[in-house]
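Novice: This is the structure I have questions about; it appears just below.
The values are calculated or read from the model by the stated rules, or taken from the named source; none is laboratory data. Predicted, not measured: the structure shown is a model, and the values here were computed from it. Cβ placement follows ideal geometry from the backbone for every residue including glycine, while neighbour counts extend to all protein chains displayed.
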Amino acid sequence: MSLVLLYPAPDSGWAGQRLDGVLKCALAGREVCVLRTAEELTGLEGKRLLLALALGDTGVNVEYIRMLSRLRREPGLLQGCTGGLIVDGAGELYTKSAAAEAALALNLAGCALVGRPLVEATGSLANFEVQAKNLNTGRMGAYRHAAAELTQRAETECFLKKERPEVLVLHASSHHTSNTMDLWARVREKLEGQCAVHEIGLRNGTLSDCSGCPYTMCLHFGEQGGCFYGGVMRDEVYPAVRAADALVLLCPNYNDALSANLTAFINRLTALFRQTRFYDKAVFAIVVSGYSGGDVVARQVIAAMNMNKSFYLPQNFALIETANNPGQALALPGIAQRLEGFAQNILDTLKAP
């Protein structure tokens, strides 16, 4: 299976020198098609992709901006693709924000992302300090190792489907006034009978946020399948996450951010994550903003659940809508077709023929 490398030319030769060397090692012995400009992004449907992005001091790569523009203009450009990202920065800022922006654009253009799809290299490579110690190597060695491992997974990893997939839905909304819940109710109707659907509400003080236990304490409780702080996370959410083939997060936009309870869920998921990875579980989201900013919340879900917690990100993972007054979402122009498409995408991702 050949790999397509999307490698927008950096603004200066220096900015890409380190990344050139890392890619040379990661791609050794592979059949690779290298695309450097936005105009070359054609005929990529169903391909395996690796986006390698070299950023200068300002966090900008002009040719990448042209690629980004094309991805946003052509929603089906990468239909059926699967991929990962390597982002290499000259400084300590902008690498992760650029990665989240790129991930959403790739995804909305039809590209799925493997779990933990990002290899991020800051200017100092300080973010590889822990991996370097674990591998008994230097920061650069850890960087090369991570890039090679991601390249292998981006090229070969496949998401397995089930005859009757388990879908876990998490929310912190009122059924009576929430546009997000209205949209989910219509999606659920289309999944019933084909998936086993389990909903858990995280409202009214039922979920305490992570209090930042020492690593060894968190690891200890995670190995036992629990958390020091117990509660609904240990008793209900952890078992449901283990059983699920996919999570659907219902995400109303609160001040351009995920709600406090969903954020607490993600933070508390760390204890379970220390015990296991979630490469074989998909994450979807329904994002509703009162005025604007749905893309900001969608990027937060990608960064937290896909890049950090290792959930598989299916193509077009999020239904992103704007609705303010109660009931407005279901009256949006074309919403019936978008709901149908979102539900079908869940089924196509999870359910075996």
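Novice: Give the residue that is farthest from Thr95 (Cα to Cα), with candidates limited to residues of the stretch 26-62 that are part of a strand (DSSP E or B), of a type in the set (A, V, I, L, M) and over 23 Å from the mean Cα position of the chain (by Cα).
Specialist: Val32
Novice: Yes or no: the stretch 89-111 includes at least one residue that is in contact with a helix residue (DSSP H, G or I) (Cβ under 6 Å, 6 or more places away or on another chain), assigned to a strand (DSSP E or B), in contact (Cβ under 8 Å) with a residue 24 or more places away in the chain and closer than 18 Å to Ala52 by Cβ.
Specialist: Yes, the stretch 89-111 contains a residue that is in contact with a helix residue (DSSP H, G or I) (Cβ under 6 Å, 6 or more places away or on another chain), assigned to a strand (DSSP E or B), in contact (Cβ under 8 Å) with a residue 24 or more places away in the chain and closer than 18 Å to Ala52 by Cβ.
Novice: Let me spell it out: the conditions are (1) assigned to a helix (DSSP H, G or I); (2) charged (D, E, K, R); (3) modelled with pLDDT under 95, and Glu149 meets all of them except one. Which number is the exception?
Specialist: (3)
Novice: Name the pairs: first residue in the stretch 282-310 and at positive phi, second residue surrounded by fewer than 21 Cβ atoms within 10 Å (Cβ to Cβ) and of a type in the set (Lys, Arg), Cβ to Cβ under 7 Å, at least 6 apart or on different chains?
Specialist: Qualifying pairs under 7 Å: Ser310/Arg277.
Novice: Now, a different point. Do we find a residue being within 19 Å of Asp280 (Cβ to Cβ), at pLDDT 80 or above and aliphatic (A, V, I, L, M) anywhere in the stretch 196-211?
Specialist: Yes; the residues of the stretch 196-211 include at least one that is within 19 Å of Asp280 (Cβ to Cβ), at pLDDT 80 or above and aliphatic (A, V, I, L, M).
Novice: Moving on. Looking only at the stretch 153-196, which residues are of a type outside the set (A, V, I, L, M, F, W, C), out of contact with any strand residue (DSSP E or B) (no Cβ under 7 Å at 6 or more places or on another chain) and in a helix (DSSP H, G or I)?
Specialist: Passing the criteria: Thr156, Asp182, Arg186, Glu189, Lys190.
Novice: Of all the helices (runs of 4 or more DSSP H) wholly in the stretch 244-328, which have at least 3 residues that are among the aliphatic types (A, V, I, L, M)?
Specialist: 260-268, 294-301
Novice: Here is a follow-up. Evaluate the stretch 268-276: report whether one residue or more is of a type outside the set (D, E, K, R), surrounded by fewer than 23 Cβ atoms within 10 Å (Cβ to Cβ), in contact with a Gly (Cβ under 7 Å, 6 or more places away or on another chain) and under 18 Å from Thr349 (Cα atoms).
Specialist: No - not one qualifying residue is present in the stretch 268-276.
Novice: Let me ask something else. Can you find a residue in the stretch 116-134 that is farther than 20 Å from Ala26 by Cβ and part of a loop (DSSP other than H, G, I, E, B)?
Specialist: Taking every residue of the stretch 116-134 in turn, at least one turns out to be farther than 20 Å from Ala26 by Cβ and part of a loop (DSSP other than H, G, I, E, B).
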